[in-house]
Amino acid sequence: MYDLIFFLVLLLLGYVFGQRAEKSHFRSIIEREKQLRDILVFSERRIPDEDKLDGTLVCGSVVISVDFFKRFVAGLRSLVGGRVSAYESLLERARREAILRMKEEALRSGAKSVWNIRLETASIYKGAQQSIGAVEVLAYGTAVKPR
């Protein structure tokens, strides 16, 4: 009986603190996206007026771990199938954070845009049951500025 109570308490704590951390991170992301909205990103390979611009590689990387509640919910979802929205929000946060870090590096280099942007995603840790423990997202591209 105590094991069940302990498990439910851990589940509740994981939910409360996980939601709190996620909401705080999303607020931070939204604020920084507003600040960096002038740095434009394009997936286009060809840079217009390439001969008049200097380009440099910029990247942004982030690793975000899965909290206990998300892991539990994902495990339940795997029994019945369907979308795992807990992991979708995790990937969205990671993707947006990686792009922001890439934009910050571009800003430090004096660039106004990033071209040929690419995203790479990897699972960093797999536990004993091959469950995802953390996800890494890498965003990279060519930051350009006038010569």
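Only the coordinates and a few stated rules stand behind these numbers; no lab work does. Just so we're clear, the structure is a prediction, and the values are computed from it rather than from any experiment. Positions of Cβ are generated from backbone atoms using ideal geometry, with glycine treated the same way; all protein chains shown enter the neighbour counts.
Spacing of the modelled spin labels on residue 24 and residue 61, each 7 Å from Cα toward Cβ, amounts to 2.5 nm.
Model label sites at residue 3 and residue 31, defined 7 Å from Cα along the beta-carbon direction, differ in position by 4.4 nm.
Given their separation in residues at 0.36 nm each and the Cα-Cα distance between them, residue 47 and residue 83 gain 9.2 nm when the chain is fully extended. Highest mean packing first, where packing is the average number of other Cβ atoms within 10 Å per residue, the peptides 1-7, 137-143 line up as 137-143, 1-7.
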